[in-house]
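The block underneath contains the structure these notes are about, expressed in structure tokens.
The values are calculated or read from the model by the stated rules, or taken from the named source; none is laboratory data. For clarity, every value in this text was computed on a predicted model and none was experimentally measured. A quick note on method: Cβ atoms are made from the backbone with ideal geometry, for glycine too, and the neighbour counts reach across all protein chains shown.
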């Protein structure tokens with residue numbers, strides 16, 4: 001039987017422009033797609049038919065390319081009315097999906113929505129750069145619309161892939177999703193260039209021994225072409241015999257017509273010191289890089305997030321001068337193969353170019369040094385691993401890890417518990433239970449056999465542990481039947497925690513999540529728990545603290561208004577409504593545990609005071625889900641991605657935060673002493 005790691009995947013990639021269009025993004029996706037296909041995976045690219053003469057479907061180097069017709073354009077964004085239908089059809093045929101951002105709202109929203117809520121496919125977003133269009137009121141509106149659409153997409157995707165931490169920490173979009181971030185270096189590959197081809201290239205483009213400055217880019221605003229044109233006369237004051245070779249699209253670049261027209265007089269003024277080479281194939285690009293004395297990346301804003309061309313240049317032995325922009329500066333900082341200059345500074349650019357040309361040998365590193373940091377194989381392997389990991393999470397295997405030494409359970413610490421809970425329970429419960437799932441995940445291997453004390457309907461155990469526990473008990477017969485239907489316990493039993501139907505020293509672990517505070521006879525619960533635990537066995541549980549009532553939103557508001565009596569009354573009402581019999585401080589809990597023979601290994605507060613206020617408010621804003629529960633038996637009768645996304649954006653900071661002082665809940669790791 002084929003191992004999971006050997007199974008070939010069906011991968012759907014989506015972006016607006018694909019080949020024959022040329023840009024850093026299209027080159028990135030082409031290299032990734034073709035490398036995945038070469039490893040035996042089925043790869044499809046969904047893209048726009050940006051040129052009506054291109055076929056709507058074809059196979060390019062083993063990659064199936066599906067092009068959706070474009071109805072009209074908004075700036076560089078393609079509006080494709082049939083995209084939803086085509087995306088749905090292709091998702092049914094594939095295991096995983098990967099979108100590329102930034103993108104229009106239709107593309108950024110459609111694929112993640114369908115993948116997550118309709119077809120249950122893992123979906124990632126590779127985030128290439130922020131959008132920063134040329135200044136104008138209309139472009140400003142477009143920028144903000146794209147930003148919002150990318151954030152909405154970010155709420156739905158399972159992971160964000162970024163090129164570098166440097167750029168991710170800067171990006172308007174990426175810095176909002178640190179919990180979803182995966183850093184995967186871009187796929188860099190460059191052909192070999194033989195010396196004869198390089199000499200022929202120099203003879204053609206530098207017949208008088210000119211120093212060649214390579215500029216590989218599209219003729220686009222964000223590339224900083226005007227600063228190169230301004231720097232050229234300054235360079236010639238020090239090195240008169242120089243020429244800029246521009247490799248890339250420079251005519252009919254979509255959305256850049258006005259920019260080209262504005263700069264064209266400066267290009268003409270450069271005369272023989274500026275030459276356009278047009279779009280080069282990979283072999284020609286390798287020759288180009290190797291023939292140049294230096295290459296440049298003078299980008300001016302966050303639309304540039306890395307610059308594949310500079311690593312390609314380094315692999316060919318040519319140093320680089322690049323702008324000091326987040327992400328863009330990383331290759332030079334990593335390899336020391338060039339100079340970094342402030343963006344939009346023609347004088348600094350000119351000085352650095354002259355410095356590198358004059359002392360070129362000091363900036364050159366062996367190819368092996370560059371390949372240690374950047375390689376196509378590393379990128380593809382990390383994408384493969386990410387795809388498989390997400391597939392495992394979706395299908396539930398392995399959402400836990402067997403520990404053969406202890407026959408235990410290790411809950412999945414990296415799982416996004418908040419999002420998973422929001423899809424099935426109200427917001428107040430989603431916040432509390434997702435944080436508790438994380439705490440159980442951090443508790444380490446939970447040794448079998450395990451007893452879930454007060455198991456309820458089994459929903460929490462299903463979320464937190466990912467595999468069946470030995471036994472779950474609860475006095476409510478109806479919810480035990482629900483737990484049995486979920487299949488999360490080998491033995492779901494109707495039983496009381498004060499009289500457990502188990503022999504002495506039977507369990508290695510007892511877990512109880514917000515249970516023991518609801519049982520009036522607490523001493524009987526602790527006595528029975530101690531009895532059924534094996535020596536050395538653990539009792540792991542969470543309970544409300546002595547601050548539960550006064551940290552509620554209602555209590556806090558009344559207190560701020562000077563209505564102390566109402567504040568206490570609100571807290572008392574909430575405790576009665578929640579059936580809380582025991583809300584003690586940590587020392588009281590420790591004394592109770594010690595009195596019944598337990599040792600306390602660790603305790604901590606959880607949920608911040610601000611999070612507890614959100615928990616309180618969540619009871620009220622979650623009323624529609626309560627009505628759904630009453631009418632249908634389910635908290636969430638049908639997916640509502642808009643409300644789920646809004647709840648997630650609201651609760652995410654509280655899910656991630658930890659209390660710095662006291663908190664409304666306490667989590668305990670206690671242990672029955674070994675013999």
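Data overview
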| quantity | calculated |
| --- | --- |
| Output for region 167-190, where each listed residue is more than 14 Å from the chain's Cα centre (by Cα) and surrounded by fewer than 14 Cβ atoms within 10 Å (Cβ to Cβ) | none |
| Residues located in region 71-99, provided they are in contact with a helix residue (DSSP H, G or I) (Cβ under 7 Å, 6 or more places away or on another chain), surrounded by fewer than 23 Cβ atoms within 10 Å (Cβ to Cβ) and within 26 Å of residue 168 (Cβ to Cβ) | 75 |
| Residues satisfying the stated conditions in region 659-670, i.e. part of a loop (DSSP other than H, G, I, E, B) and surrounded by 14 or more Cβ atoms within 10 Å (Cβ to Cβ) | 659, 662, 663, 664 |
| Condition check for residue 130: part of a loop (DSSP other than H, G, I, E, B), within 26 Å of residue 646 (Cα to Cα) and not assigned by TED's automatic domain parsing to the domain that holds residue 325 | yes |
| Conditions (1) modelled with pLDDT of 90 or more; (2) touching a helix residue (DSSP H, G or I) at 6+ places or on another chain (Cβ under 7 Å); (3) not in a loop (DSSP other than H, G, I, E, B): number failed by residue 461 | (2) |
| Which listed residue is within 26 Å of residue 511 (Cβ to Cβ) and assigned by TED's automatic domain parsing to the domain that holds residue 445, from 574, 615 | 615 |
| Region 191-239, residues that are assigned to a loop (DSSP other than H, G, I, E, B) and surrounded by fewer than 16 Cβ atoms within 10 Å (Cβ to Cβ) | 191, 192, 194, 207, 208, 209 |
| The one condition in (1) assigned by TED's automatic domain parsing to the domain that holds residue 21; (2) in a loop (DSSP other than H, G, I, E, B); (3) free of Cβ contacts under 8 Å to residues at least 12 places away in the same chain that residue 170 fails to fulfil | (3) |
| Members of region 253-275 found to be surrounded by fewer than 15 Cβ atoms within 10 Å (Cβ to Cβ) and closer than 20 Å to residue 211 by Cα, listed by number | 268, 269, 271, 272 |
| Odd one out for residue 351, checked against (1) in contact with a helix residue (DSSP H, G or I) (Cβ under 6 Å, 6 or more places away or on another chain); (2) closer than 16 Å to residue 293 by Cα | (1) |
| Meets criteria (closer than 21 Å to residue 326 by Cα and at pLDDT below 85) for residue 151 | no |
| Residue count, region 52-69 (criterion: over 24 Å from residue 9 (Cα atoms), part of a loop (DSSP other than H, G, I, E, B) and without any contact (Cβ under 8 Å) to a residue 24 or more places away in the chain) | 3 |
| Condition broken by residue 160, with the remaining ones in (1) touching a residue at least 40 places away in the same chain (Cβ under 8 Å); (2) touching a helix residue (DSSP H, G or I) at 6+ places or on another chain (Cβ under 6 Å); (3) surrounded by 21 or more Cβ atoms within 10 Å (Cβ to Cβ); (4) outside any loop (DSSP other than H, G, I, E, B) satisfied | (1) |
| Residue ID - surrounded by the most Cβ atoms within 10 Å (Cβ to Cβ), chosen from residues in region 448-480 that are touching a strand residue (DSSP E or B) at 6+ places or on another chain (Cβ under 8 Å) and farther than 18 Å from residue 514 by Cβ | 471 |
| Helices (runs of 4 or more DSSP H) wholly inside region 247-324 containing at least 2 residues that are without any contact (Cβ under 8 Å) to a residue 12 or more places away in the chain and out of contact with any strand residue (DSSP E or B) (no Cβ under 9 Å at 6 or more places or on another chain) | 257-270 |
| Residue count for region 571-586, restricted to those that are out of contact with any strand residue (DSSP E or B) (no Cβ under 9 Å at 6 or more places or on another chain) and either part of a loop (DSSP other than H, G, I, E, B) or in contact (Cβ under 8 Å) with a residue 60 or more places away in the chain (or both) | 2 |
| Residue in region 10-21 that is in contact with a strand residue (DSSP E or B) (Cβ under 8 Å, 6 or more places away or on another chain) and over 22 Å from residue 188 (Cα atoms) present | yes |
| Positions within region 539-570 being within 30 Å of residue 461 (Cβ to Cβ) and assigned to a helix (DSSP H, G or I), in sequence order | 553 |
| Residue match in region 301-311 (condition: within 15 Å of residue 212 (Cα to Cα) and out of contact with any helix residue (DSSP H, G or I) (no Cβ under 6 Å at 6 or more places or on another chain)) | no |
| Subset tally (residues that are assigned to a loop (DSSP other than H, G, I, E, B) and under 17 Å from residue 590 (Cα atoms)) for region 487-514 | 1 |
| Any hit, region 331-344, residues being at positive phi and outside any loop (DSSP other than H, G, I, E, B) | yes |
| Residue count, region 464-486 (criterion: part of a loop (DSSP other than H, G, I, E, B), modelled with pLDDT under 90 and farther than 22 Å from residue 534 by Cβ) | 1 |
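A quick yes/no check of all residues on (1) closer than 17 Å to residue 306 by Cα; (2) modelled with pLDDT of 95 or more; (3) in a helix (DSSP H, G or I); (4) under 22 Å from the mean Cα position of the chain (by Cα):
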| position | (1), (2), (3), (4) |
| --- | --- |
| 354 | no, yes, yes, no |
| 365 | no, no, no, no |
| 374 | yes, no, no, yes |
| 381 | no, no, yes, yes |
